[in-house]
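Visitor: Take this structure first; my questions come after.
The values are calculated or read from the model by the stated rules, or taken from the named source; none is laboratory data. Just so it is clear, the structure is predicted and the values come from calculations on it, not from any experiment. Here the Cβ positions follow ideal geometry from the backbone for every residue, glycine too, while neighbour counts run over all protein chains shown. Note: areas computed on protein heavy atoms with side chains; ligands, DNA, RNA excluded. Shrake-Rupley method; radii C 1.70, N 1.55, O 1.52, S 1.80 Å.
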Amino acid sequence: MAEAHPVGFQWVMEARKRGAKVFHVDPRFTRTSASADVYLPIRAGTDIALLGGVINYILTNELDFREYVLAYTNAATIVSEDFVDAEDAEGLFSGFDPATGSYVQDSWQYAGHERDSGSGHTATARETAAGLRHESHGAPIAGQVERDETLQHPRCVYQILKRHFARYTPEMVQRVCGLPPEKFLELARAWTQNSGRERTGCLIYSVGWTQHSVGVQYIRTGAIIQLLLGNVGRPGGGVLALRGHASIQGSTDIPTLFNLLPGYLPMPHHAQHPTFDDWVNAIRHPGQKGFWGNARAYAASLLKAYWGEAATPDNDFCYGYLPRLTGDHGTYQQVLDMIDGKIRGYFLLGQNPAVGSAHGRAQRLGMANLEWLVVRDLFMIESATFWQRGPEVATGEIVPQECRTEVFFLPAASHVEKEGTFTQTQRLLQWREKAVDPPGDARSELWFFYHLGRRLREKLAGSPLPRDRALLDLAWDYPTHGPHDEPDAEAVLREINGYDIATGRPLAGFAEARDDGTTAVGCWIYAGVYADGVNQAARRRPGGEQDWVAAEWGWAWPANRRMLYNRASADPQGRPWSDRKRYVWWDESAGRWTGHDVPDFEVTKAPSYRPPPGASGPAALAGDDPFVMQADGKGWLYAPSGVLDGPLPTHYEPAESPVRNPLYGQQGNPTRKTYRHPVNSVNPSPPQEHSQVFPYVFTVSRLTEHHTAGGMSRTVAPLAELQPEMFVEVSPELATLAGLNHLGWAHLVSARAVIEAKVLVTDRLVPLRVDGRVIHQLWLPYHFGFEGLVTGDSANDLFGITLDPNVLIQESKIGTCDVRPGRRPTGAALGELVDDYRRRAGVTPGAVPPAVTPGVPIGPPGSGGDGEGNG
Amino acid sequence: MGLRDVLLGWPVYRQLTGADPLGRGAAAQSARSAALTPRTEAADRVARSVCPYCAVGCGQRVFVSGNQVTQIEGDPDSPISRGRLCPKGSASKSLVTSPLRQTTVRYRRPYGTEWEDLDLDTALDMIADRILAARAETWEDVDAEGRPLNRTLGISSLGGATLDNEENYLIKKLFTAMGALQIENQARI
Ligand code: SF4
């Protein structure tokens, strides 16, 4: 955090000054470690084992915050007797379907609800990264459940959790993670001692956590700990994601992602959502508790925002215009399709996949096989010049005279040359004022897409073709200003907020969205950002003039709420858990919730409210159900649906690991997404043979002075000067073993690539003793490429393509490699070296190791049918 | 200048005898540095902005003279950053004023070996034509069972996460209307 989010880290330092104890878990000693109380060097890829150890410590010693756990989580809920835990089946849960590499979730359900919504096959959910939809709401689950308030029932969630993690002992943590038991216990003790009624503990991760084949389950494990300790929805608690880019949160909320529409509405699927009603019901699950009951209003209002007058209740608001998914259309599938010649044109909008995406060679070969490529950026980046200066030109794999891709480079406007909002990592929208005009031909994306759309519509005017109706009927009428006819960003923000169509009045919040065509809302979760016709994101009341919540700086979704699920900061009766930790509470005399923040609860619903039988939607949530976006109002220790690789996190080894899984017969995540394509090879891992050909673990992360693929930092003189060279950090022990010299050269080899780097021998990395062996880890920054003021080989070239099954994010925080002294070969010899490694490792390009480790028994998947998984 | 003036003007003398024993202020000042004023003072206007790098979202004040950014500093009013910027945020002025920035359209024709110039309006028109051609060649109306698909898989897009919300909104809206669904973002990566 001190390295990659330095200014955010000031708050950790403030907390430490006030007595907070800071633990830092990282494979590499960084500035964060230097400022922490305790540093835990961990084997990369083993976080579930470490955190699972903490869960086991909590449950074995009964250190959970029992009152919170009983009232606010699903600990007491009884699970189906059909459920078989991974503990009892070598690492596979019940319901695994080897044909699709995914689970049938029927047996994971609560008792009596095995065939209810939420059950069923998850193959489609896996193909379409359906897990991403849960960023704004939980997965569906049945209404009435069996509970055991004593937590003694053998099939209640509490007992299942206890058995599941029973083997995650301090000794096992040592065997898997390479951490000494004393250090582990110091962490577990401090975490539990600093949680409860009077105190809260906070878990912070950087989104490298998501770049694993079990990334979602990493975060789930952290969330289970925080729920057990009562650290969710309370001040000083939480699971905080440190996202990596100025508006990456905004890019998910108003997604430019294949499987989502704004506000986490799913892109329709051809088989599951042929009609508007199918689509809406798949989102709202009729009869379901919670706030998704209003999904029809959000969906209809989005389509009204898209197609304006053409969208009417009679034509289902032009639902028929939406393109349909048939499977995985993610960025990695696309790149393989480019190599196979299936894609004509590609837009890159401030993105540099030639350096920033996993398997750089696949990225560059894909781009070299397009008809046309449009690159919009501030600088001439590698993804624009791969055909001229890329590493494949040096090896002869790309010959400019034979490369057909037509490339348009269009200069972009910088952040000070346009106005608009970024959404930062706490869901806070902040408006930027424009300072100057962009230079020359540089334009904003707003300009480019508005005018591109205008021109497409002009060219199609009068077209009789049905496929052109969606473009011709599009509501595409934005006011413009200035010499270049720049569209008015505030007008777009107003449409995102939503408005009443008859009067034009901006909506005050999403509760005002209607399903009858009288409102248009571009992104329902952002409704309120333009309340009263005022740009709330532009509010800048100085922090010094506000309380510590600073509610008048910018605007946070939803409803300017700064902390989600903050009803949990009060006890079931609505009283603060303690005076120190008061945040939101029930004011009996006023008959409403009040406090420091906007309450995340219906503001006049009393803690004593109990839903009438048969209630659905928000009315079905009791006055003490704080998790209002969850289908049962509870925090989920156990996820009966919505997480595709298991209801509980389970330690699997990374897709490439030198270590045999010490906990289960199953080696890796059985549901991880792999691609059989000749360009993609996977290094062998035990129990496969020849894993010793790639004996070392490498991991990558950021330097303070650079930014992702380097397009905004290797091009900037002061930053380039501060970090001028690609390098690899190795421990003194590994340097001796591999014959590497400090400040000399080394090259690293995987089944995909060989790259070179300067050697930095440092005790920031330590060899770890794991299951009786010594494991060496190397660390690399991933910022370098062949353009800019400072250049170097790209670390991402070393990675292959293996994805997390929930969100289709690649495993690019860990791989295996070999390291050798000296510079890498060039020209044809480079390919020969990689070929030789592949031959020795028995790697056939395009072949991937079996999803289920040989010898692990697979039970019957269960009935399943074609249920829609987590909907 | 007499010897006395030289002595009195000598920074060490001033440091030892004046009110600045550490030599960090008045004692270290020369006639030239005494006459300097901060760029921020001469600015015509100040825009309130946000750092374009990581997701902490530090506040920035962008100082402008004419149509030139002359300085970017942390915004002390921000309750998030309290005026601080890290090395990247502090380098924002160098980012936006970098001489390496491309300011004209560049074009590489198929099988070309060099970049060429191209007019922005022509480029936009050529891109629009290519989109329409790709749609026409790869359009899918319905699946094998006659259910609607309404799409093209011939077009892809990958966006960075320094795009504004308003930009992402228009990008998704336009691509969706043209039937292009292979739209992705750094958020997947
Ligand atoms: S100044 Fe540094 S910490 Fe702040 S937003 Fe920019 S990159 Fe992040």
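Visitor: Examine region B:113-121 for a residue that is more than 17 Å from the chain's Cα centre (by Cα), facing chain A (nearest Cβ under 7 Å) and modelled with pLDDT of 95 or more, and state whether such a residue exists.
Guide: Within region B:113-121, the subset more than 17 Å from the chain's Cα centre (by Cα) is B:113-121.
Narrowing the set further to residues that are facing chain A (nearest Cβ under 7 Å) leaves B:113, B:120.
Within this subset, residues satisfying the condition of being modelled with pLDDT of 95 or more are B:113, B:120.
Yes, there is a match, as at least one residue in region B:113-121 is more than 17 Å from the chain's Cα centre (by Cα), facing chain A (nearest Cβ under 7 Å) and modelled with pLDDT of 95 or more.
Visitor: Any chance you could count how many residues in region A:6-25 are closer than 14 Å to residue A:202 by Cβ, open to solvent by less than 40 Å² (accessible area, probe 1.4 Å) and facing another protein chain (nearest Cβ under 10 Å)?
Guide: Qualifying residue count for the region: 2.
Visitor: Still on this structure: Of everything in region B:101-120 that's surrounded by fewer than 15 Cβ atoms within 10 Å (Cβ to Cβ) and outside any strand (DSSP E or B), which residue is farthest from the ligand (Cβ to nearest atom)? Break it down stepwise before answering.
Guide: From region B:101-120, those surrounded by fewer than 15 Cβ atoms within 10 Å (Cβ to Cβ) are B:103, B:109-111, B:113-114, B:116-117, B:119; that's our starting set.
Those still in the list that are outside any strand (DSSP E or B) too: B:103, B:109-111, B:113-114, B:119.
On the way: B:103: 24, B:109: 38, B:110: 39, B:111: 41, B:113: 38, B:114: 36, B:119: 35 Å.
Within region B:101-120, the match that is farthest from the ligand (Cβ to nearest atom) is B:111.
Visitor: Looking only at region A:444-468, count every residue that is among the charged types (D, E, K, R), more than 7 Å from every other protein chain (Cβ to nearest Cβ) and open to solvent by 20 Å² or more (accessible area, probe 1.4 Å) and tell me the total.
Guide: Here the count works out to 3.
Visitor: Does residue A:449 meet the test of being under 30 Å from residue B:68 (Cβ atoms) and in contact with a strand residue (DSSP E or B) (Cβ under 7 Å, 6 or more places away or on another chain)?
Guide: Details: under 30 Å from residue B:68 (Cβ atoms): yes; in contact with a strand residue (DSSP E or B) (Cβ under 7 Å, 6 or more places away or on another chain): no.
Spelling it out, it is not the case that residue A:449 is under 30 Å from residue B:68 (Cβ atoms) and in contact with a strand residue (DSSP E or B) (Cβ under 7 Å, 6 or more places away or on another chain).
Visitor: Part of a helix (DSSP H, G or I) and either open to solvent by 10 Å² or more (accessible area, probe 1.4 Å) or within 29 Å of residue A:254 (Cα to Cα) (or both), is that true of residue A:537? Give the steps one after another, and end with the answer.
Guide: Working: part of a helix (DSSP H, G or I): yes; either open to solvent by 10 Å² or more (accessible area, probe 1.4 Å) or within 29 Å of residue A:254 (Cα to Cα) (or both): yes.
Taking the combined requirement at face value, the residue satisfies it.
Each row is one residue, and each column tells you yes or no for (1) at pLDDT below 95; (2) open to solvent by 20 Å² or more (accessible area, probe 1.4 Å); (3) facing another protein chain (nearest Cβ under 7 Å).
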{"site": "A:398", "(1), (2), (3)": "no, no, no"}
{"site": "A:410", "(1), (2), (3)": "no, no, yes"}
{"site": "A:419", "(1), (2), (3)": "no, yes, no"}
{"site": "A:424", "(1), (2), (3)": "no, no, yes"}
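Visitor: Oh, and also: For residue B:123, only one of the following conditions fails: (1) out of contact with any helix residue (DSSP H, G or I) (no Cβ under 9 Å at 6 or more places or on another chain); (2) part of a helix (DSSP H, G or I); (3) within 25 Å of residue A:339 (Cα to Cα). What is its number?
Guide: Every listed condition holds for residue B:123 apart from (3).
Visitor: Considering only residues that are of a type outside the set (S, T, N, Q) and surrounded by fewer than 19 Cβ atoms within 10 Å (Cβ to Cβ), look in region A:367-391 and name the one that is farthest from the other protein chains (Cβ to nearest Cβ).
Guide: Initial filter on region A:367-391 (of a type outside the set (S, T, N, Q)): A:367-368, A:370-382, A:384, A:386-387, A:389-391.
Checking which are surrounded by fewer than 19 Cβ atoms within 10 Å (Cβ to Cβ) leaves us with A:371, A:389.
Numbers: A:371: 7, A:389: 11 Å.
Taking the candidates together, the pick is A:389.
Visitor: Report, by residue number, each residue of region B:152-189 that is in contact with a Lys or Arg (Cβ under 8 Å, 6 or more places away or on another chain) and open to solvent by 10 Å² or more (accessible area, probe 1.4 Å).
Guide: Of everything in region B:152-189, just one residue is in contact with a Lys or Arg (Cβ under 8 Å, 6 or more places away or on another chain) and open to solvent by 10 Å² or more (accessible area, probe 1.4 Å), namely B:153.
Visitor: Right, next: Out of A:687, A:718, A:678, report the one residue that is out of contact with any strand residue (DSSP E or B) (no Cβ under 8 Å at 6 or more places or on another chain), within 16 Å of the ligand (Cβ to nearest atom) and open to solvent by 10 Å² or more (accessible area, probe 1.4 Å).
Guide: Values: A:687 fails: within 16 Å of the ligand (Cβ to nearest atom); A:678 fails: within 16 Å of the ligand (Cβ to nearest atom).
From the options A:687, A:718, A:678, the qualifying one is A:718.
Visitor: Which of (1) out of contact with any helix residue (DSSP H, G or I) (no Cβ under 7 Å at 6 or more places or on another chain); (2) under 20 Å from residue A:173 (Cα atoms); (3) of a type in the set (D, E, K, R) is the odd one out, the single condition residue A:43 does not satisfy?
Guide: In the conditions (1) out of contact with any helix residue (DSSP H, G or I) (no Cβ under 7 Å at 6 or more places or on another chain); (2) under 20 Å from residue A:173 (Cα atoms); (3) of a type in the set (D, E, K, R), residue A:43 misses (1) alone.
Visitor: Only one of these conditions is not met by residue B:37: (1) open to solvent by 70 Å² or more (accessible area, probe 1.4 Å); (2) within 16 Å of the ligand (Cβ to nearest atom). Which number is it?
Guide: Tallying (1) open to solvent by 70 Å² or more (accessible area, probe 1.4 Å); (2) within 16 Å of the ligand (Cβ to nearest atom), residue B:37 fails exactly one: (2).
Visitor: Please determine whether any residue of region B:19-30 is part of a loop (DSSP other than H, G, I, E, B) and within 14 Å of the ligand (Cβ to nearest atom). Even if it seems obvious, please write down each step before you answer.
Guide: Step one: of region B:19-30, the residues part of a loop (DSSP other than H, G, I, E, B) are B:19-25, B:29-30.
If we keep only those that are within 14 Å of the ligand (Cβ to nearest atom) too, we end up with none.
No, region B:19-30 contains no residue that is part of a loop (DSSP other than H, G, I, E, B) and within 14 Å of the ligand (Cβ to nearest atom).
Visitor: Of the residues that sit in region A:126-137 and are open to solvent by 10 Å² or more (accessible area, probe 1.4 Å) and more than 13 Å from the chain's Cα centre (by Cα), which one is modelled with the lowest pLDDT?
Guide: Ranking the candidates gives A:137 first.
Visitor: For region A:319-332, state whether one or more residues are away from chain B (no Cβ under 12 Å) and among the aliphatic types (A, V, I, L, M). Talk me through it step by step, then tell me what you get.
Guide: So in region A:319-332, the residues away from chain B (no Cβ under 12 Å) come out as none.
Checked region A:319-332: no residue is away from chain B (no Cβ under 12 Å) and among the aliphatic types (A, V, I, L, M).
Visitor: Residue A:710 versus (1) within 13 Å of chain B (Cβ to nearest Cβ); (2) assigned to a loop (DSSP other than H, G, I, E, B); (3) surrounded by fewer than 19 Cβ atoms within 10 Å (Cβ to Cβ): which is the lone unmet condition?
Guide: Residue A:710 satisfies all of (1) within 13 Å of chain B (Cβ to nearest Cβ); (2) assigned to a loop (DSSP other than H, G, I, E, B); (3) surrounded by fewer than 19 Cβ atoms within 10 Å (Cβ to Cβ) except (3).
Visitor: So, one more: Among the numbered criteria (1) within 18 Å of the chain's Cα centre (by Cα); (2) within 15 Å of the ligand (Cβ to nearest atom); (3) aliphatic (A, V, I, L, M), which one does residue B:80 miss?
Guide: (1)
Visitor: Within region B:40-58, count every residue that is away from the ligand (no atom under 16 Å from the Cβ) and either under 25 Å from residue A:205 (Cα atoms) or basic (Lys, Arg) (or both).
Guide: Total meeting the criteria: 1.
Visitor: May I pose another question? Would you mind finding the one in A:376, A:389 that is within 30 Å of the chain's Cα centre (by Cα), modelled with pLDDT of 95 or more, basic (Lys, Arg) and not assigned by TED's automatic domain parsing to the domain that holds residue A:755?
Guide: Working: A:389 fails: within 30 Å of the chain's Cα centre (by Cα).
Sole residue among the options that is within 30 Å of the chain's Cα centre (by Cα), modelled with pLDDT of 95 or more, basic (Lys, Arg) and not assigned by TED's automatic domain parsing to the domain that holds residue A:755: A:376.
Visitor: For region B:83-94, give me each residue that is within 11 Å of the ligand (Cβ to nearest atom) and either basic (Lys, Arg) or in contact (Cβ under 8 Å) with a residue 40 or more places away in the chain (or both).
Guide: B:84, B:88, B:92
Visitor: Is it true that residue B:84 is open to solvent by 60 Å² or more (accessible area, probe 1.4 Å), closer than 25 Å to residue A:720 by Cα and not acidic (Asp, Glu)?
Guide: Details: open to solvent by 60 Å² or more (accessible area, probe 1.4 Å): yes; closer than 25 Å to residue A:720 by Cα: yes; not acidic (Asp, Glu): yes.
Here the answer is yes, as residue B:84 does meet what is asked.
Visitor: Collect the residues in region A:239-268 that are at the interface with chain B (Cβ under 10 Å from one of its Cβ atoms), open to solvent by 10 Å² or more (accessible area, probe 1.4 Å) and away from the ligand (no atom under 16 Å from the Cβ), keeping them in residue-number order.
Guide: Correct list: empty.
Visitor: Let me ask you something else. Could you check region A:31-59 and list, in sequence order, the residues that are within 14 Å of another protein chain (Cβ to nearest Cβ) and surrounded by 21 or more Cβ atoms within 10 Å (Cβ to Cβ)?
Guide: A:32, the sole residue that qualifies.
Visitor: Looking at (1) within 16 Å of the ligand (Cβ to nearest atom); (2) without any contact (Cβ under 8 Å) to a residue 24 or more places away in the chain, find the lone condition where residue A:743 falls short.
Guide: Checking residue A:743 against (1) within 16 Å of the ligand (Cβ to nearest atom); (2) without any contact (Cβ under 8 Å) to a residue 24 or more places away in the chain, the one that fails is (1).
Visitor: Right, next: Could you go through region B:59-69 and let me know if any residue there is over 20 Å from the mean Cα position of the chain (by Cα), in a loop (DSSP other than H, G, I, E, B) and either touching a residue at least 40 places away in the same chain (Cβ under 8 Å) or away from the ligand (no atom under 16 Å from the Cβ) (or both). Talk me through it step by step, then tell me what you get.
Guide: Residues of region B:59-69 that are over 20 Å from the mean Cα position of the chain (by Cα), as a first pass: none.
No, that holds for no residue.
Visitor: Considering only residues that are assigned to a strand (DSSP E or B) and more than 28 Å from residue A:338 (Cα to Cα), look in region A:669-698 and name the one that is nearest to the other protein chains (Cβ to nearest Cβ). Break it down stepwise before answering.
Guide: To start, the set of residues in region A:669-698 that are assigned to a strand (DSSP E or B) comprises A:673-674, A:696-698.
Retained after the next criterion (residues that are more than 28 Å from residue A:338 (Cα to Cα)): A:696-698.
Details: A:696: 24, A:697: 21, A:698: 18 Å.
The selected residue is A:698.
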